[in-house]
Each structure stands twice: as structure tokens, then as C-alpha cells.
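First comes the structure, then the notes that go with it.
The values are calculated or read from the model by the stated rules, or taken from the named source; none is laboratory data. These figures come from a predicted structure and were not determined experimentally. FYI the Cβ positions are ideal-geometry reconstructions off the backbone, even for glycines, and counts take in every protein chain you see.
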Amino acid sequence: MSTTSPRIVIAGGGLAGLSLALALKQAMGDSLDVVMCDPALRRDPHGDKRAYAIAAAARRMLEALHVWDKVAPGAQPMLDMVITDSRLQDPVRPTFLTFSGDVGEGEPFAHMVTAGDLTAALIEACTAAGVSLKAQGVRGFTAAAGHVDVLLADGEAALPAALLVAADGARSKLREQAGIGWISWPYRQSGIVATIAHERDHEGRAVEHFLPSGPFAILPLKSETLPDGTVKHRSSIVWSERSENVPALLESDPEHLLVELERRFGLQLGKVAFETTPQAFPLSFGVARTFVGDRIALLGDAAHVIHPIAGQGLNLGLHDAASLAQVIADAMRLGQDPGGADVLEAYERARRADITAMGLMTDGLNRLFSNDLLPVRLIRDLGLGLVDRMPGLKRFFIREAAGLTNRDAPRLLKGEAL
């Protein structure tokens, strides 16, 4: 390997991996060779209709990477949030907590974006910046003295690199090959996700219904104007349900499934309909025992998986990318090895506390709200009501959700270039 132009290989072309590739290449230019490997790069990214909540700090990062302007026209600002706690059969769902207001002048605390739009913008920016995009997977690696040999799926000669970044998902084969342990437990819940069309405008409001089987979130999406001039209003749902109930729900008659949706969605937005086919995935908690190994770093879901109750999964992955990009760029400017042990330890220190805190918080919230014990219901509803009457505490929580409370956050999350 050349000592003047080291190489970093990123295995996994998801949003966190693409953001890391772009951040590194924009920061280091020709002094760093960045290679992205993922068979999914063959597919049209616009086919991915999943929706994600992008917190204000992550949006600042995308602005610093010069991709937000391509995503913004299709992004829906999240202007306020309503939290309810009830049983499914209750005739009234009392509102216990509301959040509203911007975290900065004209800056909403979050935006909803379509995964396909953001992926396409990142791929375009990576190509323009000079990232090498390979539509093939990484099948393994061998750490050697001062570098790592990365083995590609097509059997090409091994790519020598200073660092391999495993961004290959929660079931990471590279994490397993590195011998990094994984602590996890299932929630006995599944998340059903879909895009919903509805009659009335959501006005940028997100709703979180806490139900005994799990939270039911309604997240606002950008409305569409159809060729005939009519406006189609849309929202994304994340429907947490007991896993044993999910097969019967998804295999039921479409009209029955729509009735079950309406029971949870409510009537506040008028008539509703499925715009995309509902898909389910099991929910669990997982965290790697360490985020780094010999010439390898874990990123995104390969490092941690949390409950979607707070919508922070992708934001954690983007925070990983911002932190890893910063420690690598700073090290290289000092003439240090970007895959050296000191650099990787700095990444581990930067991320461990934040990920542990977010994992514990989401785990605790899910356990607190996904039950129907009367004493617990009374205590949690009292707590929600007290928070709703404390403006200062509400501002803190909304800035925490926006990712803006950490003074030691990476520069990209503050909107600053590397």
C-alpha cells in the first residue's frame, strides 16, 4: 500500500455507509482512496419507498455534505408531535404530551424523507466526489501487518486497505468474522411499516399512540399534487404489534386489515388507504461488545440496533458516520495511520456512551408503555402530564430528539465541514 494515499473500504451501501464515504472523500480528496462495496448499488435507489425521520443535527450534516438541497423538495418538516396513551378499545384517546416549535429560527426538529431520494442524492454526490462504487459484496478479510486485505465476492484479487468499515447490517458477517460479540434480546414485537394515503392534511404533525401491544406512530410525509390538480396527503406508519398477531394481520383480507389500521390510525385525517403493501420485521435490541477490531470498524446497524419507538435508528448511524469521518480526517492531517489502533479507540470512545444511553432509553420506554398494568399506566400518564406542563423540560427533550444537546458532537452534526 502507498503511504501517501491509503485506502478505506466500506462494506455496505446504506445511508450511513454512503454518508461516511462522502464525508471522507470531501474532507481528504485525492489523499484518500475510498471504496464502497455493495451489490445493492446495481438497483435503482428510487425504488426504496421507506421513510425516515431525519433529526435536525443529521440534517445539518447533510447540508454540510451538500446533499440536503437535492432532498429538501421532497422532505416534510415535522412541526409538532402529539403523544397519547390508551387501550385500543377506548372511545377517547386523551393527549398527554405535545411538542411543537423549532429548535432554531425556521429550523424544525426533524424532517421526514424517503430513503430512495436520500440514497440517490448520496450516490450522485459520492460519484462526483470520486468515491469508487463497486456493485459487489465483501466476503471476508484478513488483517495483516499495517493493513487489511479485503476479499470481494467476485473473487478479484484482495484489496489492501488501511481500514475496513463493516456497514453490512444487524446480521453483519464481517462483525462475526472479526470475532466481535453481540449482545441482544428480542422484544416479541414486530414493526409493520407502510405508507398511508388520507383525505385531510396532516399539517406536519406526528402522532405517537402508545397502545398495550406497542407504539403506533403516524409520521407526516410530503403531499403530492396529481396531474388532475388534486392533492394526495400521505403519512408513514410504524405499527408495533405483538409478533404472534402479525401473520394473521398481514394474511387477512385487505378490508379487514384496513379496519384494523383505522382502529389505530383514528379518524382525524378522514378516510385512509394503504398506498404501499405493509411489510413487517421483527424488533429487537442489539449492540456490539466493541465497535472496533484489528483494522475494522463497525458502523450503523452492524454496531447497534434499537427499538424504533423514538425514530432514532438512522440518526444514530449518521452520528457514527460523522464521528468516524472526523477521527479519521483529523488523524490523517496529523500524518497518522487512519486504521491505527489509536484512531479506532477514539471512535469507540466517541460513540459508546451515546449508543448505550439511547439503547437504554428506547428499551425502557418500550417496556414502560407496552403494557396494560393499571398502576404503571397511572404513573406514566402522570409523568407525561407533568412534562407537558414544564416548558423548559419540553424544550430540552425536543432538542435531545433533534440531536442538539451534545456540545462534543462531531463537527458535521453542527453543520461544519470537516
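Table: residues versus (1) without any contact (Cβ under 8 Å) to a residue 24 or more places away in the chain; (2) surrounded by fewer than 23 Cβ atoms within 10 Å (Cβ to Cβ).
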| residue | (1), (2) |
| --- | --- |
| E255 | yes, yes |
| L261 | no, yes |
| Q268 | no, yes |
| V272 | no, yes |
| Q279 | no, yes |
| R295 | no, no |
| V305 | no, yes |
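Note on segment 393-411: among residues that are without any contact (Cβ under 8 Å) to a residue 24 or more places away in the chain and within 18 Å of P108 (Cα to Cα), the one that is farthest from the chain's Cα centre (by Cα) is L393. Of the strands (runs of 3 or more DSSP E) entirely within segment 1-109, those holding at least 1 residues that are surrounded by 24 or more Cβ atoms within 10 Å (Cβ to Cβ) occupy 7-11, 33-37, 51-55, 76-78. Here L299 meets the list (1) out of contact with any strand residue (DSSP E or B) (no Cβ under 9 Å at 6 or more places or on another chain); (2) farther than 21 Å from V238 by Cβ; (3) surrounded by 14 or more Cβ atoms within 10 Å (Cβ to Cβ); (4) of a type in the set (A, V, I, L, M) almost entirely, failing just condition (1).
If we keep just the residues of segment 223-249 that are of a type in the set (D, E, K, R) and out of contact with any strand residue (DSSP E or B) (no Cβ under 7 Å at 6 or more places or on another chain), which is surrounded by the most Cβ atoms within 10 Å (Cβ to Cβ)? Applying the filter and picking the extreme gives E244.
Of all residue pairs spaced 6 or more apart or on separate chains, none has beta-carbon atoms under 7 Å together with a first member in segment 96-123 that is free of Cβ contacts under 8 Å to residues at least 24 places away in the same chain and a second member that is small (G, A, S).
Taking the criterion of being modelled with pLDDT under 85, of a type in the set (S, T, Y) and touching a helix residue (DSSP H, G or I) at 6+ places or on another chain (Cβ under 7 Å), would at least one residue in segment 360-373 satisfy it? Checking segment 360-373: not a single residue is modelled with pLDDT under 85, of a type in the set (S, T, Y) and touching a helix residue (DSSP H, G or I) at 6+ places or on another chain (Cβ under 7 Å). If the condition is being in contact with a helix residue (DSSP H, G or I) (Cβ under 6 Å, 6 or more places away or on another chain), under 18 Å from E275 (Cα atoms) and buried (at least 23 other Cβ atoms within 10 Å of the Cβ), then segment 192-222 contributes only F216. Per the listing D48, D30, D80, D69, the residue uniquely on the phi < 0 side of the Ramachandran plot, in contact with a helix residue (DSSP H, G or I) (Cβ under 7 Å, 6 or more places away or on another chain) and not aliphatic (A, V, I, L, M) is D48.
Taken as a whole, the condition of being part of a helix (DSSP H, G or I), over 13 Å from the mean Cα position of the chain (by Cα) and β-branched (V, I, T) does not apply to I309. Of all residues in segment 315-333, those that are under 13 Å from A21 (Cβ atoms) and touching a residue at least 24 places away in the same chain (Cβ under 8 Å) have Cβ atoms under 6 Å from Cβ atoms of residues that are of a type in the set (F, W, Y) and assigned to a helix (DSSP H, G or I), 6 or more apart or on another chain, in L324/Y347. Of all residues in segment 224-250, those satisfying the criterion of being in a strand (DSSP E or B) and in contact with a helix residue (DSSP H, G or I) (Cβ under 9 Å, 6 or more places away or on another chain) are S235, I237, V238, W239, S240, E241. Which of the numbered conditions does E224 fail, given that it passes all the others? Conditions: (1) touching a residue at least 12 places away in the same chain (Cβ under 8 Å); (2) under 22 Å from H202 (Cα atoms); (3) acidic (D, E). Unmet condition: (1). Among the residues of segment 345-376, the ones that are closer than 26 Å to L24 by Cα and touching a residue at least 60 places away in the same chain (Cβ under 8 Å) come to 5 in all.
Taking the conditions (1) under 26 Å from L62 (Cβ atoms); (2) part of a strand (DSSP E or B) in turn, A125 satisfies each one other than (2). Residues in segment 330-354 that are over 17 Å from L164 (Cβ atoms), surrounded by fewer than 19 Cβ atoms within 10 Å (Cβ to Cβ) and hydrophobic (A, V, I, L, M, F, W, C): L334, A353. Checked against the criteria, G179 counts as surrounded by fewer than 18 Cβ atoms within 10 Å (Cβ to Cβ) and modelled with pLDDT of 95 or more. The set of residues in segment 97-128 that are of a type in the set (G, A, S) and touching a helix residue (DSSP H, G or I) at 6+ places or on another chain (Cβ under 6 Å) comprises G116, A120, A121, A125. Residue selection: L163 satisfies the criterion of being modelled with pLDDT of 95 or more and under 27 Å from the mean Cα position of the chain (by Cα).
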